[in-house]
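Visitor: Below are the structure tokens for one structure; questions will follow.
The values are calculated or read from the model by the stated rules, or taken from the named source; none is laboratory data. Given the structure is predicted, the values throughout are model-derived calculations rather than measurements. We place every Cβ from the backbone using ideal geometry, glycine too, and count neighbours over all the protein chains shown. SASA here: full protein model, heavy atoms, side chains in, ligands and nucleic acids out. Shrake-Rupley method; radii C 1.70, N 1.55, O 1.52, S 1.80 Å.
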Amino acid sequence: VVQERRTFIPQGWSKFHEFSYADLRSTADIITSFDSEVPPWETLHGLLDNAIYGGRIDNIFDQRILRTCLKTYYRIDNVSIGGRPAGALPN
């Protein structure tokens, strides 16, 4: 199924944006750099939207998709396991 869907990439995006493991690693470093247990999500979303991922996007519609993805995936439910912080990413 995944291979078949590759035919239709980019799904929802106006063009292909290459987000890498280095982007994910940078995001994890930013999240862990906050002093508090719970990062300030609006600040985090702004950093990711403008600095890490958003720098590659030049289309307003793709920017909206990125913001939706950031709000969906980067939230407390997804960075904790049973109320405890999730483990670090492998190097």
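Visitor: Go ahead and run the numbers for FRET between E37 and R75, Cβ-Cβ distance against an R0 of 22 Å, rounding to 0.05.
Guide: Details: r = 14 Å, r/R0 = 0.64.
Between E37 and R75 the formula returns 0.95.
Visitor: Taking amide H positions as placed 1.01 Å from N in the peptide plane, with prolines and chain starts having none, which residues 5 or more places from S14, or on another chain, fall under 5 Å of its amide H?
Guide: When sequence neighbours closer than 5 places are left aside, the close amide H contacts are D62.
Visitor: At a 1.4 Å probe radius, carbon and sulfur cover how many percent of the accessible area of the stretch 12-73? Display every interim value, and only then the final one.
Guide: Working: 2260 of 3980 Å².
With neighbouring chains kept in place, the figure for the stretch 12-73 is 57 percent.
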